[in-house]
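Presented below is the structure to which this report refers.
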Amino acid sequence: MRSMAEEIVKALPCGCEARTYRDFLGRVVGTIVTRSPTCQRSEHALGQTVIMPGRENARPE
Ligand SMILES: [Zn+2]
């Protein structure tokens, strides 16, 4: 397989795992690739894209 982008799989605090990359706005987003059995967040379904938490997305406002 060829790597198309800087894709990194990261574990979320809830236990899910997401493949992260930057979207066209430069935000770090993740596609859920592993759903934690204990995760309570309905948006963390396989294949869903979520905004990743982190200081790169933090805004000093
Ligand atoms: Zn989750």
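The values are calculated or read from the model by the stated rules, or taken from the named source; none is laboratory data. On a predicted model such as this, the values are computed, not experimentally measured, just so you know. Here the Cβ positions follow ideal geometry from the backbone for every residue, glycine too, while neighbour counts run over all protein chains shown.
With respect to being in a loop (DSSP other than H, G, I, E, B) and either surrounded by fewer than 12 Cβ atoms within 10 Å (Cβ to Cβ) or modelled with pLDDT under 90 (or both), S3 fits the description. Applying the criterion of being more than 14 Å from the ligand (Cβ to nearest atom) and among the β-branched types (V, I, T) to the residues of the stretch 21-42, the residue that is modelled with the highest pLDDT is V29.
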